[in-house]
Structures are given as structure tokens and as C-alpha cells.
Amino acid sequence: MRVRSVLGGLLLLGASLAPALAGQAGQIAYEAFTLPNGLRVIYSEDHSTPIVSVDVWYNTGSRNERPGRSGFAHLFEHMMFEGSAHVKKGEHFQLISRAGGSENGSTAEDRTNYFETVPSNRLNLALWLEADRMRSLAITDENFHNQRETVKEERRLRVDNQPYSPAFIDGMTWPFDSAGCFAYAHTVIGSMEDLNAAQLADVRAFFDTYYAPNNATLVVVGDFKPLELRRYVNQYFSEIPRHAEPPRVSCTVRLSSGLRRREVTDAHANLPAVLRIYRAPAHADPDTRALELLNVILGQGESSRLNVAVVRRAQAALGTQVVLNPYDSRRGPGVLLVLAIANQGVDPSKLDTIVTAQLDSIRVAGVTDDELTKAKNTFRAGFVHNRETTLGKAEELHHYDMFHASLAEINGDLERVLAVTAADVRRVAAKYLDPANAVVIIVKPAAGGGAQ
């Protein structure tokens, strides 16, 4: 599971891109095909270095879980490294390491991914390993109990015992009602109660439902020959049977449904904090591009609005952070989080007033030309940086395939972001930073809090 730290501690079948675009900064040439069993394959040649990345996304994350069984998608991220029919427990890591490669996986609300980057002459190894566990994961009682305890310890380490993390991670779910939108009303890592209640039969059912070729996309980027790739993919994946289609996910959310306030006590925090969480639209919504720039203007860099006004000028906060969907993009409603950790002696209510004043100033007066230019430059730099490696390109292909109306947007999206106007930013600020669209959390240290 990947999540950004809190203040540092805390296509179509056969679609392709004209070769002339491949040399332009940030452009990705790609092709795609689909196997009869439903496995979607997207690939992009990159012969600049003799490596290749194999990246599998399963169309499942915490949004696919049901009440009482939260944390299953993340638990399965761990289970997928426990061996399969032809791979012993722990051998996946060993085989990739011996080949001179690297691997990992992560879980978010809408997807779970598994990836390897290896020397190009070991492409077959990475593909074979992914196919073997897609076909025959070792779901044993021993593996299940071992990895369940691992996930529980991860929750203790990354959430329960980190200052501000419980409010930050649990708080992301509070704008959503379990009855109308359970998909986003619970945490990715799950609750201790649900993890303790999990049974081996539940885990097997989850695998049978979601870990199937017709619920997965394979992206391969790097130094390979397309005909060789197609041969490997057909050899390793084509005989894996299609499963029944997973149930659809429903989510009903209403913006600006009324301001809600909560106060929590944090035994690990030394200073109080204010966390404002605003409901945001699905990533495919046209407002997202302006919101991404607003996110930069508010909270990224030394010259961001909150850092200048709240940290440096008012000296009311030790630090601030603004994040749009901390785990990953979403096909459903998202969140924009605004965090400020109070300076010593500053009342959190006063801090909230100072933070809110900055948010309201953008809602009323908008942003300056300099702020918008800086935000676009920052976005462009990140956009290009994300596409500098084979794995980065693979993740970008997955992102546009899952979260955008068309994969083809991958080579035109930057222009759309750069076309955002100051009026667009002001409009989305007025819409989504509406106080009636917020959940406000005041974090207070426990008496004698902050002990490690």
C-alpha cells in the first residue's frame, strides 16, 4: 500500500500513436490488444536502455470490498507474493533479484498493481511469474494467517502509531456515508476488527472474483520486440480461464451537504492540528484539471498560499500540506485534504480561521497570474518526470486507461491542463472549497501525548 506521507513524516484495440510524436517530451507511443480470455495488453517500445517493466493492474481495490470485510484488497497485495503452483513462498522476490531486477506492488481505492523492472533479456521471467500467480496463487491457511498478521502490524506501524495519521487516513473516509457509498467510506488498509474476522474462504472468494484475466490489464514498456512480447503473452496468459464478471460498484454522494466538525485525540501528537477534507469529483470530471492546479497553488512549495500566509507570515503553523487523493486517482468521488499543524501555543480554532481565510480568498478573489504560471510549470515538470522511466511510462498508460475517458488522452492531457485559466481555478475553488462541502477535524494531543 502506498500513501503520501503527512508532512514528510507523516483504448482501444490496436490504437497507436504516430511515431513522430514519440520524440516529443512526455509523449508515449503505444499499441494494445486483448486476449480471448479478456486480458487487456498495452505495450510501448523504449529502446533507450536495455530494461523492461512489466506492470499488471487488477481492477480491484478497497472500493470493491463489502461491509465487515474491509482490507481484503490490501491483504491480497501481500498474498500475491506468497507463492503459486510453480513458485515457492518468497521465491518471486529471489528470482527477480537474481535477474538484476526489482519488484513491488501497491493497493489503492480503485486498483491493485504488481510490477517488475528487469533486464530486457529476462522479460519472459517477469511475464511468467505474473501469469503463474494469476492462474494458481497459493491460498493456504498458513499463508493467509501469516500475511494477515503482517498487515495488522503494518497498520500499527504506519497508521495507529504515527502522529496525525489516524485522523488523516481515517478522515478521508468521513465525507462519505457507508449506506450510500461504502466504496470510499472505509480505509484501504482496513480495520483491525475486519482483519481479525477474515476467514480463508473469504480470501479464496475474493481471488476468484477479482483476480482474473478479464479483470486485469497488463502493460509492458521497454526494450523488447513486439512479436516476441505477443508470443510470450499468448504462451503464458492465454490459457488462464476467464471468470464471471465482478459485481458493479455503486456510490451516491452529494456535494455541499453541510459542514461537519469532529474532534479527535491523538496520543502520539505533540501539537494540535487542523484537517479540512473537501469532497472532490471523480478524476475523469473536467473540473479535475483546475483542481490539480489549485492543489499546487494552495500547498506545494515554499511559495504556496498556505506556506506563505499561515506558516511564514502568521507563524500560526509548523507546516501545512494540501493533497488531492493521497493514494491514487479515483473513478468515484475523491477528496482534497488541507492539513495544518499548529505552532506551539496556537489554538487550533484560531489556526482553522487563518487557514479558512486563505481558502476563502481564492474562492472570492481567485489566483494571480504568477501563481497560475508557477502551478502550470510545476505540473508540467511532474508530468514529464513521471514519464522518464519504463515503469513511470507503464503507470501512466495504466492511469489513462483506467481513470480517463480514453487512453488516447495520454498524449493530449498536458495541453488541456496548460489551457486552464485563472477563472477556471476560481470557479472550482468556489464550488469545492465551499464550507458546506467540508469535514473539519480538530486534532488535539492527549495529556502527556507525543510519547514515542
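Summary of values
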| read-out | value |
| --- | --- |
| Residue in the stretch 112-134 that is surrounded by fewer than 22 Cβ atoms within 10 Å (Cβ to Cβ), assigned to a loop (DSSP other than H, G, I, E, B) and not hydrophobic (A, V, I, L, M, F, W, C) present | no |
| Yes/no for ARG289 being in a strand (DSSP E or B), at pLDDT 95 or above and either over 25 Å from ARG63 (Cα atoms) or not assigned by TED's automatic domain parsing to the domain that holds ALA185 (or both) | no |
| Residue that is modelled with the lowest pLDDT, among those in the stretch 367-395 that are in contact with a helix residue (DSSP H, G or I) (Cβ under 7 Å, 6 or more places away or on another chain) and over 21 Å from ASP424 (Cα atoms) | ASN386 |
| Residue satisfying all of: in the stretch 161-196; among the small types (Gly, Ala, Ser) and in contact with a strand residue (DSSP E or B) (Cβ under 7 Å, 6 or more places away or on another chain); farthest from SER257 (Cα to Cα) among these | ALA167 |
| Boolean, LYS431 is buried (at least 20 other Cβ atoms within 10 Å of the Cβ) and of a type in the set (D, E, K, R) | no |
| Residues (loosely packed, with under 14 Cβ neighbours inside 10 Å and not small (Gly, Ala, Ser)) located in the stretch 141-180 | ASP141, GLU142, HIS145, GLU149, THR150, GLU153, ARG156, LEU157, ASN161 |
| Index of the failed condition, GLU302 passing every other in (1) crowded, with 21+ Cβ neighbours inside 10 Å; (2) at pLDDT below 95 | (1) |
| Index of the failed condition, SER256 passing every other in (1) more than 23 Å from the chain's Cα centre (by Cα); (2) not in a loop (DSSP other than H, G, I, E, B) | (2) |
| Count of residues meeting criterion [outside any helix (DSSP H, G or I) and either within 22 Å of the chain's Cα centre (by Cα) or among the charged types (D, E, K, R) (or both)] in the stretch 368-411 | 7 |
| Subset of the stretch 115-159 [farther than 20 Å from VAL203 by Cβ, polar (S, T, N, Q) and out of contact with any helix residue (DSSP H, G or I) (no Cβ under 6 Å at 6 or more places or on another chain)] | SER120, ASN121 |
| Single match in LEU39, LEU11, LEU75 (criterion: within 20 Å of ALA131 (Cα to Cα), in contact with a helix residue (DSSP H, G or I) (Cβ under 6 Å, 6 or more places away or on another chain) and modelled with pLDDT under 95) | LEU75 |
| Options ARG261, ARG279; residue that is at pLDDT 95 or above, over 30 Å from GLY38 (Cα atoms) and over 24 Å from the mean Cα position of the chain (by Cα) | ARG261 |
| Of all residues making up the stretch 51-89, the number that are more than 27 Å from CYS181 (Cβ to Cβ), in contact with an Asp or Glu (Cβ under 6 Å, 6 or more places away or on another chain) and of a type outside the set (A, V, I, L, M) | 3 |
| Output for the stretch 388-400, where each listed residue is farther than 20 Å from LEU324 by Cα and of a type outside the set (A, V, I, L, M, F, W, C) | GLU388, THR389, THR390, LYS393 |
| Lone unmet requirement of (1) out of contact with any helix residue (DSSP H, G or I) (no Cβ under 7 Å at 6 or more places or on another chain); (2) of a type in the set (Gly, Ala, Ser); (3) not in a loop (DSSP other than H, G, I, E, B) for ALA183 | (1) |
| Test: residue in the stretch 77-87 that is at positive phi and crowded, with 22+ Cβ neighbours inside 10 Å | no |
| Residue within the stretch 130-153 that is in the same structural domain as PRO67 (by TED's automatic domain parsing), within 20 Å of the chain's Cα centre (by Cα) and more than 27 Å from ASN437 (Cα to Cα) present | yes |
| Single condition ARG312 does not satisfy, out of (1) more than 28 Å from VAL253 (Cα to Cα); (2) basic (Lys, Arg); (3) assigned to a loop (DSSP other than H, G, I, E, B) | (3) |
| Positions within the stretch 211-231 being part of a strand (DSSP E or B) and either among the charged types (D, E, K, R) or closer than 13 Å to ALA394 by Cβ (or both), in sequence order | THR217, LEU218, VAL219, VAL220, VAL221, GLY222 |
| Which numbered condition LEU336 misses (of (1) in a strand (DSSP E or B); (2) out of contact with any helix residue (DSSP H, G or I) (no Cβ under 7 Å at 6 or more places or on another chain); (3) farther than 16 Å from ILE442 by Cβ) | (2) |
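The values are calculated or read from the model by the stated rules, or taken from the named source; none is laboratory data. Fair warning: this is a prediction, and the values are worked out from it, not measured in the lab. Because the Cβ atoms are built from the backbone with ideal geometry, glycine has one as well, and the counts that use them run over all protein chains shown.
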